[in-house]
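Note sheet for the following structure.
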Amino acid sequence: MNDIHCHILYGLDDGSVSIEESLEMAKLARSGGTKRIVVTPHSNVTGSYRNMWCPEFSDMIELLNSRLVEKDIDIALYPGQEIFCGDNFLNHLLEGKLITLNNTRYPLVEFDFYEHSASVYMKLKKLVSEGYVPVVAHPERYAFLREDETAAIKLRNMGCLLQINKGSIQGNFGRNAYNAARFLLDNSLVDFVASDAHSPYMRTPFLAEAFEFVAETYSFDYAALLFSENTLAVIENRDISYV
Ligand SMILES: [Fe+2]
């Protein structure tokens, strides 16, 4: 499996607080079957985490990757960000101050949980018009999506892909997020499941249970598509097979 949404880079946001904790997260992820993780610190959050991309972030990834080799933890980290679509997000992306998942055509994007749908669609249209394929992080947590059963279809018709959180299908974000995630899964509107992990203790990167749930509730092939095949296609900047 591959994880395209994980706050494993230490000291940058509300995720890992230290290199030791990052290594613990990687170890836990590996024990759950994950082989590749794209690091996705919160970025461009209005009034909060700015995290414009800089060489120090690449150095941190390199350091962590070398520590993983030393510790014989067979997992590889790749650069990325979870981009909050606030002020100037598109200009920052075009200028390289914000980056996509492993520098591919796929940016991981998030919004305010209560942002109006019209504003979300407008921002995503701008991204698509620049040739990006937006990966919308945790759509099941957004009010506009829960209020409009056709919203997910609209997003995918615009050229976006949808990434739900493993915690949502495990009930960790409440009944509304659980129901929305199940609705998306039931209707084959999900493209990826990712951990959105923040620590080795709560909101962890352990994906095995969520994989089993999807495999048993839907099918093994659907689970493999969402956890392995599509996520690898993103990391390798390939097309998603059915898009
Ligand atoms: Fe996140």
Exception for Glu20 within (1) assigned to a loop (DSSP other than H, G, I, E, B); (2) farther than 18 Å from Leu207 by Cβ falls at (1)
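Among Thr150, Thr104, which is among the polar types (S, T, N, Q) and under 19 Å from the mean Cα position of the chain (by Cα)?
Of the residues listed, the single one that is among the polar types (S, T, N, Q) and under 19 Å from the mean Cα position of the chain (by Cα) is Thr104.
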So which residues in the range 11-56 are more than 19 Å from Gly96 (Cα to Cα), surrounded by fewer than 21 Cβ atoms within 10 Å (Cβ to Cβ) and within 15 Å of the ligand (Cβ to nearest atom), if there are any at all? Asp13, Asp14, Ser48
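Could you count how many residues in the range 125-144 are assigned to a helix (DSSP H, G or I) and within 16 Å of the ligand (Cβ to nearest atom)? Talk me through it step by step, then tell me what you get.
Filtering the range 125-144 down to residues assigned to a helix (DSSP H, G or I) leaves 125-129, 139-141, 143-144.
Applying the additional criterion that residues be within 16 Å of the ligand (Cβ to nearest atom) yields 139-141.
Total satisfying the criteria: 3.
With respect to Ser117, determine if the residue is of a type in the set (S, T, N, Q) and closer than 21 Å to Glu20 by Cα.
Details: of a type in the set (S, T, N, Q): yes; closer than 21 Å to Glu20 by Cα: no.
For Ser117, the condition - of a type in the set (S, T, N, Q) and closer than 21 Å to Glu20 by Cα - is not met.
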Kindly evaluate Met60 against the criterion of being away from the ligand (no atom under 16 Å from the Cβ) and buried (at least 18 other Cβ atoms within 10 Å of the Cβ). yes
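Laboratory data are not the source of any read-out in this text; all were calculated from the coordinates shown. This structure is a prediction, so every number in the text was calculated from the model and none was measured. With ideal geometry, Cβ positions are generated from the backbone for all residues, glycine too; neighbour counts draw on all protein chains shown.
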